[in-house]
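K.L.:
One structure is given below, represented as structure tokens, and several questions about it will come after.
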Amino acid sequence: MPGTDIGIDLGTANVRIYLRNKGMILSEPSVAAIDLESEEMVATGQEAYRMVGRTCDRVQVVRPLVNGVISDYDLAQNMLSVYMKKIGGSAVFMPRVVVSVPCVITEVEKRAVVDAISSTGVRRICLIEEPVAAAIGAGVDIAKPHGVFVVDIGCGTTDMAVMSLSGVAVSQTIKIAGDVFDDHIIRYVRRKYNLIIGKRMAEQAKIEAGCVYPQQETLTCRVKGRNALTGLPQWVDVTGEEMLEALLEPAMEIVQAVQNTLESTPPELMSDVYEDGMYLTGGSARLRGFATLLRKKTRIPVIESEEPENCVVTGAGKATKFIDDMENKQYGILNPLSAAY
């Protein structure tokens, strides 16, 4: 596939790749398994994710991406190389890439993302801020002089921004998202039932019964782990009301950040947001009751995407059409891409 343009979402939980005019062609967990003796990578993606919590002393499963940025450069580079080979096969594959990054990111973190992707053999790299990509992926026209508010709740960070004329007017990034929800579930189950559970069990419980606003339906999930007092295996059935009690605190911190962003928004853009509503994207936006909670606390309509977890990568893929405009600047064209390398 020489001469191809692709969009990449380097998520804390998943790496997603979108091929222009074809759609999403890869979605793999952002994890890698390392052999500690040889210091070599032995598995990535789904294969490595199945090992989480089930490894021996010789193998360690790690996340090379934390809070939307690279925490282990060599591992991230090797993992991305594996994924690029998957989509490119044996052919010479030198695509142009648009990659999403958080709104609040340092130059060092930005350079680490660029270097890790360029090492896989790409021709050109452009960056796009995650809320901008999420808005494009949600089908919103951000090129008009009209305010658009997007809240992207991922696994490592929650990014929110008010946009207009293809750029960000007000933005904020907080490190409260899916991972923090999992941690609160682990602590709640430990405190109430003396039951120690792992990250995967907490995530499963969040998907099956997690909510941040009272639900009419009865939700229950069975969590299994080790009793903290006896050391023996144990399970308990956790209800939706208990999950609400565990998850409400971090959910309210996200709501508070949304309110702070709205307070910083210029009045004209604020009137547009109040009229149109806010767009809710990101994998953790699937948590039951999040849209209702935001609607009740901000008194602003909330628009939920059909596939919120894919909005960022879809937007990055659609933004590849602006790569040529980074060099050939034309009058009247506003570019949503923030930088090119």
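Every number in this text was worked out from the coordinates using simple rules, so none of it is lab data. Predicted, not measured: the structure shown is a model, and the values here were computed from it. Glycine gets a Cβ as well: all are built from the backbone with ideal geometry, and neighbour counts include every protein chain shown.
K.L.:
Between (1) 20.8, 71; (2) 18.8, 54; (3) 24.0, 79, which entry matches Rg and Dmax of the Cα atoms in Å as derived from the coordinates of this structure?
P.N.:
(1)
K.L.:
While we're here: Between residue 47 and residue 326, 0.36 nm times their residue separation minus their Cα-Cα distance comes to what?
P.N.:
On the way: separation 279, 0.36 × 279 = 100.44 nm, distance 3.81 nm.
The residue 47-residue 326 span can extend by a further 96.6 nm.
K.L.:
Also, quick follow-up: Normalised by the number of residues in the chain, what is the relative contact order in percent for Cα pairs under 8 Å and 6+ residues apart? Write down the numbers at each step before the final one.
P.N.:
Working: 749 pairs, mean separation 69.0, N = 341.
Contact order relative to length: 20 percent.
K.L.:
Report, in deg cm²/dmol and to the nearest 500, the calculated mean residue ellipticity at 222 nm for the chain, where each DSSP H run with n ≥ 4 adds -39500 (n - 2.57) and the sum is divided by the residue count. Display every interim value, and only then the final one.
P.N.:
Details: 10 runs with 119 residues, N = 341.
The helix-only estimate for the chain comes to -11000 deg cm²/dmol at 222 nm.
K.L.:
What order do you get for 307, 130 when you list them from fewest to most C-beta neighbours inside 10 Å?
P.N.:
Details: 307 13, 130 32.
Going from sparsest to densest Cβ surroundings: 307, 130.
K.L.:
Oh, and also: What are the ³J(HN,Hα) values, in whole Hz, obtained from phi via the Karplus relation 6.51 cos²θ - 1.76 cosθ + 1.60 with θ = phi - 60°, for each residue of the range 231-238 in sequence order, with x given for Gly and Pro?
P.N.:
Working through the residues one at a time gives x, 9, x, 7, 9, 9, 9, 9 Hz.
K.L.:
5 Å is the cut-off here: which amide hydrogens, built 1.01 Å from N in the peptide plane, fall below it relative to residue 288, excluding neighbours closer than 5 in sequence?
P.N.:
Amide H neighbours of residue 288: 212.
K.L.:
Something else about it: Could you identify which residue out of 140, 108, 302 has the top mean-square fluctuation in a GNM of the chain using Cα springs shorter than 10 Å?
P.N.:
In this elastic network of the chain, the residue with the biggest mean-square fluctuation among 140, 108, 302 is 108.
K.L.:
Could you give me the ³J(HN,Hα) list for the range 174-182, computed from phi with Karplus coefficients 6.51, -1.76, 1.60 and θ = phi - 60°, whole Hz, x at Gly and Pro?
P.N.:
Each residue of the range 174-182 in turn: 10, 8, 10, 7, x, 4, 5, 4, 4 Hz.
K.L.:
May I ask you to sort 31, 82 by Cβ crowding, counting other Cβ atoms within 10 Å and putting the fewest first?
P.N.:
Sorted ascending by nearby Cβ count, the order is 82, 31.
K.L.:
Set the Förster radius R0 to 41 Å, insert the Cβ-Cβ distance between residue 224 and residue 108 as r into 1/(1 + (r/R0)^6), and round the FRET efficiency to 0.05.
P.N.:
Once rounded, the FRET efficiency stands at 0.50.
K.L.:
If you keep only loop residues by DSSP, which trypsin sites (Lys or Arg not before Pro) in the range 1-106 have at most 16 other Cβ atoms within 10 Å of their Cβ?
P.N.:
Working: sites: 16, 20, 22, 50, 54, 58, 85, 86, 96; in loops: 20, 22, 50, 54, 58.
Hits after loop and neighbour filter: 22, 50, 54, 58.
K.L.:
Summing +1 for each Lys or Arg and -1 for each Asp or Glu, what net charge is found among the other residues whose Cβ lies under 10 Å from the Cβ of residue 130?
P.N.:
With Lys, Arg at +1 and Asp, Glu at -1, the neighbours total -4.
K.L.:
Test of understanding: in a Gaussian network model of the chain with alpha carbons linked when under 10 Å, which of 139, 11, 45 would top the mean-square fluctuation ranking?
P.N.:
For the chain, modelled as a Gaussian network with Cα springs under 10 Å, the answer is 139.
K.L.:
I've got another one for you. So what are the ³J(HN,Hα) numbers for the range 206-222, from phi and the Karplus equation (6.51, -1.76, 1.60; θ = phi - 60°), rounded to whole Hz, Gly and Pro as x?
P.N.:
Using θ = phi - 60°, the values come out as 4, 5, 7, 9, x, 7, 10, 8, x, 10, 6, 6, 8, 10, 9, 8, 9 Hz.
K.L.:
Taking 0.36 nm per residue of separation and subtracting the Cα-Cα distance, what length does fully extending residue 57 through residue 276 add?
P.N.:
Details: separation 219, 0.36 × 219 = 78.84 nm, distance 5.34 nm.
Gain on extension, residue 57 to residue 276, equals 73.5 nm.
K.L.:
Next up: Would any residue of the range 182-210 have its amide N under 17 Å from a label point 7 Å out along Cα→Cβ of residue 297? List them or say none.
P.N.:
182, 184-185
K.L.:
When only DSSP loop residues count, what GluC sites (Glu not before Pro) in the range 1-87 have their Cβ near at most 12 other Cβ atoms within 10 Å?
P.N.:
Details: sites: 37, 39, 40, 47; in loops: 37, 39.
Passing sites in the range 1-87 are 37, 39.
K.L.:
Using a Gaussian network model of the chain whose springs link C-alpha atoms within less than 10 Å, name the residue from 225, 283, 156 with the highest mean-square fluctuation.
P.N.:
For the chain, modelled as a Gaussian network with Cα springs under 10 Å, the answer is 225.
K.L.:
For residue 232 and residue 94, compute 0.36 nm times the residue count separating them, minus their Cα-Cα distance, and round to one decimal in nm.
P.N.:
Numbers: separation 138, 0.36 × 138 = 49.68 nm, distance 5.35 nm.
Stretched out fully, the residue 232 to residue 94 stretch lengthens by 44.3 nm.
K.L.:
In nm, to one decimal, how far is the modelled label at residue 239 from the one at residue 306, with both set 7 Å along Cα→Cβ?
P.N.:
Each label point is offset 7 Å from its Cα along the Cβ direction, giving 3.6 nm.
K.L.:
Nearest 0.05, what FRET efficiency do residue 73 and residue 22 give at R0 = 45 Å with Cβ-Cβ as r? Walk me through the intermediate numbers first.
P.N.:
Details: r = 30 Å, r/R0 = 0.66.
According to the calculation, E is roughly 0.90.
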